[in-house]
Amino acid sequence: MMKWAVVLCALVAISECNVKISLIKGKTARETLMEKGLWEEVSKKYPYNPMAKFLQTGDEGMTNDADMSYYGVISIGTPPQSFKVIFDTGSSNLWVPSVYCSSQACQNHVKFNPSQSSTFKWTNQPLSIQYGTGSMTGRLGYDTVSVGGLSVNQQIFGISQTEATFMSYMVADGILGLAFPSIAASGATPVFDNMMSQGLVSQNLFSVYLSSNSAEGSVVSFGNIESSYFTGQITWIPLTSETYWQVSMDSVTINGNVVACNGGCQAIIDTGTSQIVGPNSDISNINSWVGATPNQYGQNSVNCGNLASTPEITFTLNGNAFTLPATAYTTQVLVMAALTSSGSLEMFSFDSIIPSLTDRTTTLVWPRLSKRSTDKTLSRD
């Protein structure tokens, strides 16, 4: 059964919708550590593998914690206990810290207390999720989960008992995965799948708008395509795998020259990270073309004052070209040790990772559909 991902570009204002959760753009763990001058030390102590998210072993779901940025608030239990979570299309499990977790990372986050919820039920299933810098382990349980006013009954979710030390630098408490059930750790049913099966959404899709210029203004909407968040035409991209939201990318070009993904490659559209991960050789080539040079952290940077002359990068997905200016594919990070004598800021740009298309001027719609009709009306499963 073919499913479709939708990319919508040239976006504008914000409006009301039926089921909408506001997202906050917080600092990533990487940005926080870089600003404190601790990234090099911490990343050496807890080696970071950005590709870990997309390399699965057994039934352990993989994800990435250094570059998560956008989070919203959900509640679990009766009465409700509130948590900040990353809405992550690159993983499928919901999990939050618990009172049974004594790890350092749990001490500065909100912890779920099962004994305070009258609707909570334990399972006998363990949960283990591998991160780029460590792992989370715990158990699975059932409870009522409220997302933007939608109450999802008997939702299975993870209750952490151990968390990697690196996760103490995350702003969010946990993660709400929006990928397919096939990659869910321990076979847990994802939240959105239960929304669909319980008839809580009018259309079997969700949409995401990620604002780049302010902490507020980003949203995730369930059951709706938010027409006020974009102008222009809808571009439908067929998925090549019902695991992650995976699509075919034809090439990455600069000034008409192929600089990465020569001959085509697979790409995963991921709201759970503010970066794009790619092969070192490809990313090194992009760095060279945009004039990026290695900084003290081992990443590559460009000077803020040079962005006007820094070339655009075009990502072509299934024959559709999406061109980004330098302001859209770079992230400005204040690093005290990196201030030049003139006071200009260096910008974290590339290395094994580059800032994500989903982190700038793009809205994404994620239909769980069996087909697309010729007049672009959505069809349900």
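Structure summary
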| read-out | value |
| --- | --- |
| Yes/no for residue 181 being open to solvent by 10 Å² or more (accessible area, probe 1.4 Å), at pLDDT 85 or above and either among the acidic types (Asp, Glu) or within 21 Å of residue 197 (Cβ to Cβ) (or both) | yes |
| Strands (runs of 3 or more DSSP E) fully within the stretch 70-169 counting 1 or more residues that are basic (Lys, Arg) | 81-88, 121-131, 134-147 |
| For residue 240: the one exception among (1) surrounded by fewer than 20 Cβ atoms within 10 Å (Cβ to Cβ); (2) over 16 Å from residue 366 (Cα atoms) | (2) |
| Residue in the stretch 280-290 that is outside any loop (DSSP other than H, G, I, E, B), in contact with a Phe, Trp or Tyr (Cβ under 8 Å, 6 or more places away or on another chain) and closer than 21 Å to residue 364 by Cβ present | no |
| Residue count, the stretch 130-155 (criterion: touching a residue at least 60 places away in the same chain (Cβ under 8 Å) and of a type in the set (Val, Ile, Thr)) | 4 |
| Candidates 193, 250 - the one that is crowded, with 16+ Cβ neighbours inside 10 Å and part of a strand (DSSP E or B) | 250 |
| Count of the stretch 130-163 residues which are more than 22 Å from residue 199 (Cβ to Cβ) and open to solvent by less than 10 Å² (accessible area, probe 1.4 Å) | 9 |
| Failed item in (1) buried (at least 16 other Cβ atoms within 10 Å of the Cβ); (2) in a strand (DSSP E or B), with residue 266 passing the rest | (1) |
| Lone unmet requirement of (1) surrounded by fewer than 22 Cβ atoms within 10 Å (Cβ to Cβ); (2) outside any strand (DSSP E or B) for residue 172 | (1) |
| Long-range neighbours under 7 Å by Cβ, at least six apart or interchain, first residue within 25 Å of residue 87 (Cα to Cα) within the stretch 274-294, second open to solvent by 40 Å² or more (accessible area, probe 1.4 Å) | 277/51 |
| Whichever residue in the stretch 110-129 is out of contact with any Leu (no Cβ under 7 Å at 6 or more places or on another chain) and buried (at least 22 other Cβ atoms within 10 Å of the Cβ) and, among such residues, is nearest to residue 72 (Cα to Cα) | 112 |
| Odd one out for residue 79 among (1) at pLDDT 90 or above; (2) crowded, with 24+ Cβ neighbours inside 10 Å | (2) |
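The values are calculated or read from the model by the stated rules, or taken from the named source; none is laboratory data. All figures in this text were calculated on a predicted structure; none of them were measured in a lab. Backbone-built Cβ (ideal geometry, glycine too); neighbour counts: all protein chains shown. Side chains included, ligands, DNA and RNA excluded: accessible areas come from the protein's heavy atoms. Shrake-Rupley method; radii C 1.70, N 1.55, O 1.52, S 1.80 Å.
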